[in-house]
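What follows is one structure encoded as structure tokens, with my remarks underneath.
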Amino acid sequence: MNSSNAPIGIFDSGIGGLTVLHAVQALLPHENFIYLGDTARLPYGTKSKDTVCQYAFRVTEFLSTQHIKLLVVACNTATAAALPELKAKYPQIPIIGVIEAGARAGAEKTQTKSVAILATEGTVRGMAYQNALELLDKNIKVTALPSPLFVTLAEVGWTSGKLVEDIIKEYLKPIISSIETEKIDTIILGCTHFPVLKKSIENVLGKDIHLVDSAELIAEEVSSVLEDAKLKNLNTSQGHVSYFVTDSPERFVAIGKIFTNRTLDENDVTLIDI
Ligand code: DGL
């Protein structure tokens, strides 16, 4: 049975989900967390739906053995590929994906009814954002650009500076030209790795384009699901995070700083084989 003292599970293919963890922790500081980065299988974004589903099942199976009270799939690719399947297989765990919140925020922000999505190939191919936006507002025009290179930039910690901005400018050329022709005013950062590049993307595109990062909305959703289920941790002390990775804990600690703005303690990171 779920208990309010149990941890919240959060997983991503790598370190990108730390942007979501960070936002949830800021809103719910008394909660305990288990974060799993499936670093051995990263990137998910270039893999097929079936493969990503298998990965998501393995990770969720492990997290369920840790008696989590709620799961956040902090990976857009895994949300796009596996969210309904995970919900069906683990009905006892409330499961929150990251796409609906991002789509909602995008739909609310756009004035021109023209939204672009930057995401992995898998997320774009899976049409999850396109479908979610269509459900919210049929009149919204959606332009999607697969941007796997941004995952690599984030994973190696290249997030700012002239070279990074030059790469972004070249890479986003198709979107930059569509901004004029399609009157795009809102771009959804549809990958949990991308918020660390937000400032650099903003420097390239200018402040008139809204860049949507859904982490805070996801945190609010977690809070309200816990509230409704009466599962909020009532302790008043600062919660704890345990980190699990499937490869290279040292790299996770080194790059994780960029995503959380704080030092990760190597003793809190455990290598697992799942
Ligand atoms: N974090 C993943 C996402 O949000 C991208 C990284 C990957 O390709 O595994 O889609």
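So for segment 61-71 (the condition being surrounded by fewer than 17 Cβ atoms within 10 Å (Cβ to Cβ), within 16 Å of the ligand (Cβ to nearest atom), of a type in the set (S, T, Y) and farther than 27 Å from D185 by Cα), does at least one residue qualify? So far as segment 61-71 goes, no, none of its residues is surrounded by fewer than 17 Cβ atoms within 10 Å (Cβ to Cβ), within 16 Å of the ligand (Cβ to nearest atom), of a type in the set (S, T, Y) and farther than 27 Å from D185 by Cα. Could you list all residues from segment 131-171 that are touching a residue at least 40 places away in the same chain (Cβ under 8 Å) and more than 24 Å from A81 (Cβ to Cβ)? Once the filter is applied, which keeps residues that are touching a residue at least 40 places away in the same chain (Cβ under 8 Å) and more than 24 Å from A81 (Cβ to Cβ), segment 131-171 yields K141, V156, G157, T159, S160. Annotation note: of S242, S224, the sole residue that is hydroxyl-bearing (S, T, Y) and out of contact with any strand residue (DSSP E or B) (no Cβ under 7 Å at 6 or more places or on another chain) is S224. Is it the case that E121 is of a type in the set (D, E, K, R), near the ligand (Cβ under 10 Å from one of its atoms) and either within 24 Å of I179 (Cβ to Cβ) or surrounded by fewer than 20 Cβ atoms within 10 Å (Cβ to Cβ) (or both)? Judged against the criteria, E121 is a match. Does E85 count as part of a loop (DSSP other than H, G, I, E, B), more than 12 Å from the ligand (Cβ to nearest atom) and either charged (D, E, K, R) or touching a Phe, Trp or Tyr at 6+ places or on another chain (Cβ under 9 Å) (or both)? Answer is no for this residue.
Is it the case that E31 is more than 16 Å from the ligand (Cβ to nearest atom), buried (at least 24 other Cβ atoms within 10 Å of the Cβ) and under 13 Å from I10 (Cα atoms)? Talk me through it step by step, then tell me what you get.
Values: more than 16 Å from the ligand (Cβ to nearest atom): yes; buried (at least 24 other Cβ atoms within 10 Å of the Cβ): yes; under 13 Å from I10 (Cα atoms): yes.
Answer is yes for this residue.
For segment 38-48, the condition holds for at least one residue, the condition being that it is more than 9 Å from the ligand (Cβ to nearest atom), surrounded by fewer than 20 Cβ atoms within 10 Å (Cβ to Cβ) and not hydrophobic (A, V, I, L, M, F, W, C). Listed by first and then second residue, the pairs with beta-carbon distance under 7 Å, at least 6 apart or on different chains, first residue in segment 181-202 and away from the ligand (no atom under 16 Å from the Cβ), second of a type in the set (K, R) and assigned to a strand (DSSP E or B), are E182/K141.
Only a single item in (1) among the polar types (S, T, N, Q); (2) closer than 27 Å to D12 by Cα; (3) over 15 Å from the mean Cα position of the chain (by Cα) is not met by S177, and it is number (2).
Here is a yes/no grid of residues against (1) crowded, with 17+ Cβ neighbours inside 10 Å; (2) assigned to a helix (DSSP H, G or I); (3) at pLDDT below 95:
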| residue | (1), (2), (3) |
| --- | --- |
| K138 | no, no, no |
| T143 | yes, no, no |
| T159 | yes, no, yes |
| D166 | no, yes, no |
| I179 | yes, yes, yes |
| I187 | yes, no, no |
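Would you check if there is a residue in segment 94-114 being in a helix (DSSP H, G or I), free of Cβ contacts under 8 Å to residues at least 12 places away in the same chain and of a type in the set (G, A, S)?
no
The values are calculated or read from the model by the stated rules, or taken from the named source; none is laboratory data. All values reported here derive from a predicted model rather than from experimental measurement. No Cβ is skipped: glycine too gets one built from the backbone with ideal geometry, and neighbour counts run over all protein chains shown.
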